[in-house]
Each structure stands twice: as C-alpha cells, then as structure tokens.
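Encoded as structure tokens, the structure appears first; notes follow it.
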Amino acid sequence: MSKEMNRREFMKASAATGAVLMTGGLSPAFAQELKPIQLLAPQLDGGRPLMQALKDRRSTRWYSKKEIPLQVLSTLLWAAVGVNRPHIGLRTAPQRLSSGGIDIYVATADGVFFYEAKENVLNPVVAEDVRNFSGQQYPPPGMYGGPVGEAPVNLIYVWDGLKNPRYSDELNLCLAFSLTGFISQNAYLYCASEGLVTVVRNWFAKPALEKKMKLRPEQYATLVQSVGYP
Ligand SMILES: Cc1cc2nc3c(=O)[nH]c(=O)nc-3n(C[C@H](O)[C@H](O)[C@H](O)COP(=O)(O)O)c2cc1C
C-alpha cells in the first residue's frame, strides 16, 4: 500500500470518527492541527517476562530518532496507568480512591496530549513542542546522555489536587509522589520488557513547563519520564 493511500485512508478515518487514527509513530506530518488520537487496545502478549524486565530495568539518557509506533505508545500508557478492570474502572497502578490519581500528559514533537485512560484516547492540550522544557540531565549531556528534547516521547506526570483543603500539604505531596512512583515504575518495566529506553527526572523547568502546558493552580507536575529507542 502506497504512502499516499495511507494518508488518504487516514483522512477518511479521521473524518469518520472525529479522532486521528494513526498506524505509525507520532509523525510531525500531522502536526499542524492537533486532533484527538484514538489509542489502540494494549498488546497483552509478547514482551520479555517480568523477571527479565526487572533484571534489565535501568535509566538511559541516549535516544535514537526512531519514533514510537502507536501500538507501542498505547501499550506503554496502558501499562503505566491504564484501566485493567473496566467494570470498576480501576488501573494497572494502585490509586487512592478518595483522592484521585496522577494524570499523564504526553509531550511529543507535535505537542502535548492528555491521556484519557477510560476512553483510551490522547486529547490535545497544546500544539507546541515542549520537550526541551521537560528536563535537564544530570550529569549533563555529553557525559551520560544527549539533550532531553531528543526523546520522541516525554510522559509528564501531573497531580491534580494540590489545593484540596481536605489534605495537609504534607499528605498532598505524599500522595502525589507515591502515586507517581507506582506509575513510572510500571513504565520503566514496560520499557525494559519492550526494548525501549527511559529515564525519570525531577530536575526540569517546572514553572516554565507548567505554564506551557496551561496547568491550573491545583495541578502540580511531579516527574517527567522520557521514552524512546536506543
Ligand atoms: C525521583 C527521581 C528523580 C530523578 N531525577 C533525575 C533527573 O532530574 N535527571 C536525571 O538525569 N536523572 C534523574 N533520575 C534518574 C536517576 O539518576 C537514576 O534512576 C539513578 O542514577 C539510578 O539509575 P537506574 O535508574 O539505572 O537504576 C531520577 C530518579 C528518581 C527516582
């Protein structure tokens, strides 16, 4: 099937569903206007076994230019915090039911999207490449890694409850960071299982990034996790 055919089919599918259905990576070809991206069902077979993934889990700060296919991105997000029990809406990572959880924003070359786990869709937030705001490497580029903007995908973990009057500041931050930890470790393990490379960072341009993402005052970016191929 030719590339032109693929694009025509893509346009047809978008018009029919109101969503962008992609078969490849998150290509800049479609960057001009951001539309919702319908994610695929997670791929539940394949990948390396859990014990092998635990053995291989590590942080890596070098990324190739290879894009992440939609199937892989869909499965990564599902592994991180997708709905694994649809009848009760619960997730692959534990959640504190009375306080809500961590949201994942996905930053790509095209812009920033919000992962709507229940609908399995990425909703557009801002059509700007913010990846260079989403972290600094320590040690700096050249020693252990390249510029952070090179990773095709940055997952930005956001707590949406900072100003909740029912919680002390201490409890609020404790919830935010513990819930982030569960999710980012799920993502680490999926990456190890699938041959992807990843690193989390809490050293990022937080105020600048939060502004670019148009976060509300109750929202708080806890960690950024870059994902790509070696
Ligand atoms: C909460 C947290 C914050 C981190 N922040 C950064 C960071 O800002 N920049 C960075 O390059 N690495 C960061 N890292 C990655 C650590 O440097 C890395 O996990 C550590 O070197 C251990 O390596 P490993 O993940 O391969 O076991 C962070 C890790 C954690 C757990």
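Each value in this text was obtained by applying a stated rule to the coordinates, not by laboratory testing. Keep in mind that what you see is a predicted model, and the values were worked out from it rather than measured. Every residue, glycine among them, receives a Cβ derived from its backbone with ideal geometry; neighbour counts consider all protein chains shown.
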For this session: Tabulate in residue order the Karplus-calculated ³J(HN,Hα) for region 179-187, using 6.51 cos²θ - 1.76 cosθ + 1.60 with θ = phi - 60°, rounded to whole Hz; enter x for Gly and Pro.
Result: 5, 4, x, 4, 5, 5, 5, 4, 5
Exercise. Gln43's amide H: which non-local residues (gap 5+, or another chain) put their own amide H closer than 5 Å, with H modeled 1.01 Å from N in plane and none for Pro or chain starts?
Worked result: Thr75
Exercise. For region 188-230, which trypsin sites (Lys or Arg not before Pro) are in a loop by DSSP, counting at most 11 other Cβ atoms within 10 Å?
Worked result: Lys214
Seminar exercise, completed: Residue separation between Glu170 and Lys214 times 0.36 nm, minus their alpha-carbon distance, gives in nm 13.4 nm
Exercise. Which far-off residues, 5 or more places away or on another chain, put their amide H under 5 Å from the one on Val121, with H placed in the peptide plane?
Worked result: Leu39, Glu116
For this session: Starting at the first residue of region 101-115, write each ³J(HN,Hα) from the Karplus equation 6.51 cos²θ - 1.76 cosθ + 1.60 with θ = phi - 60°, in whole Hz, x for Gly and Pro.
Result: x, 8, 9, 10, 9, 10, 9, 10, 4, 7, x, 10, 10, 9, 7
Exercise. Excluding same-chain residues fewer than 8 positions from Lys212, which aspartates and glutamates have a Cα within less than 19 Å of its Cα?
Worked result: Glu33, Asp103, Asp110, Glu128, Asp129, Glu150, Asp160
Exercise. Under the Kirkwood approximation applied to all pairs of distinct alpha-carbon atoms, what is the hydrodynamic radius of region 77-230 in Å?
Worked result: 15.8
For this session: Any of Lys66/Lys163; Lys55/Lys206; Lys55/Lys211; Lys65/Lys163; Lys66/Lys206; Lys118/Lys163 with alpha carbons more than 30 Å apart? Name them for me.
Result: Lys66/Lys163; Lys55/Lys206; Lys55/Lys211; Lys65/Lys163
Problem set entry | Long-range HN-HN contacts of Gly100 with modeled amide H, under 5 Å | none
Seminar exercise, completed: Going residue by residue through region 75-80, the Karplus relation 6.51 cos²θ - 1.76 cosθ + 1.60 with θ = phi - 60° gives ³J(HN,Hα) values, rounded to whole Hz and with x marking Gly or Pro, of 6, 4, 5, 5, 4, 5
